[in-house]
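The values are calculated or read from the model by the stated rules, or taken from the named source; none is laboratory data. Computed from a predicted model, the values in this text were never measured in an experiment. Neighbour counts run over all protein chains shown; Cβ positions are idealised from the backbone, glycine included. Note: accessible area is taken over every heavy atom of the protein model, side chains too, but ligands, DNA and RNA are not part of it. Shrake-Rupley method; radii C 1.70, N 1.55, O 1.52, S 1.80 Å.
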Amino acid sequence: MSFRRDYLPLFSIELVDNDSGLPIAARFSPTGRCSKRMANHGLLFRKRNNMAEVYYSRNPWAESPVIGAISALTQFDFSIRLPDGFYQRYQADFAGLGLRHMHLQNRAADGSLRQTAVASLSQTALLGEQDGALIVSQHYQARMNLPIGASAIDIRAQFSETIVKSIAVTQVGSDTPVSVDFSGLPFGRYTLAPNNAPAQRLTVYFDDNLVGDGGHGLVAVFINQSQALAPAQGYRFVARVEPR
């Protein structure tokens, strides 16, 4: 069989100033895990001015042209590095909300996928509290406000109300230290909450590999169908931020 490799757009990622519509000089780079996953699916990452682009490969002479076709929900993670003074210019100040990292994704709050020609990376029109998470390691010392009567911290995975693990606590009060161990859980986004106050949630993203990479956050792009079904120009994933 003859072999030829063509590269076609799969998706791009941008952070955009909402007033001007212009891209912000954020830098995106695939995580180590993402680089391996892209290689498995024949994807090529390219940095562009203020954005990232990913291309898929195909052999037009093959019976199944797409190389490494995606057939199930697959996550591709990219670290974000923001320009100096970003939080002085824009309102997405997660540090002021008790969150220290962006966590953008093309999934809505109910878990549904945003996979259209142009799709938002934030939960609402502009970045907000729900678009942040604290990136933590497997063994994490949380500081939490525990109400009287709390006996455990319940851990829930993203998009689920099912408790996947509980951490017993022996003291309550404001700014209480809690030793959290994510052993046995897959990397990803979780919420921590007192067992008697489930609405009082702290959002974290557990991934040992991301803790020390120096990034300011993470973009998670989910694709659930073959690359051949992407728009001709690829999917465009955009997060908008409002100037102060």
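A few points about this structure:
- Residue pairs whose Cβ atoms lie under 9 Å apart, separated by 6 or more positions or on different chains, with the first residue in region 3-27 and closer than 30 Å to residue 61 by Cα and the second among the polar types (S, T, N, Q) and open to solvent by 60 Å² or more (accessible area, probe 1.4 Å), are 9/233; 12/233.
- Residues of region 133-171 that are in a strand (DSSP E or B) and either out of contact with any strand residue (DSSP E or B) (no Cβ under 6 Å at 6 or more places or on another chain) or open to solvent by 60 Å² or more (accessible area, probe 1.4 Å) (or both): 139, 141, 143, 145, 163, 164, 166, 168.
- Residues of region 1-30 that are among the polar types (S, T, N, Q), in contact with a Leu (Cβ under 8 Å, 6 or more places away or on another chain) and open to solvent by less than 20 Å² (accessible area, probe 1.4 Å): none at all.
- Of all residues in region 53-108 being polar (S, T, N, Q) and open to solvent by 30 Å² or more (accessible area, probe 1.4 Å), the one that is farthest from residue 188 (Cα to Cα): 64
- Filter pass, residue 188 being within 24 Å of the chain's Cα centre (by Cα) and open to solvent by less than 60 Å² (accessible area, probe 1.4 Å): yes
- Residue match in region 194-215 (condition: more than 24 Å from residue 127 (Cα to Cα) and in a strand (DSSP E or B)): yes
- Total residues in region 109-120, condition over 13 Å from residue 230 (Cβ atoms) and either open to solvent by less than 60 Å² (accessible area, probe 1.4 Å) or modelled with pLDDT of 95 or more (or both): 5
- Failed criterion for residue 177 (all others in (1) part of a loop (DSSP other than H, G, I, E, B); (2) open to solvent by 30 Å² or more (accessible area, probe 1.4 Å); (3) at pLDDT below 95 hold): (1)
- Looking only at region 10-46, residues that are out of contact with any Asp or Glu (no Cβ under 7 Å at 6 or more places or on another chain) and more than 22 Å from residue 127 (Cβ to Cβ) come to 13 in all.
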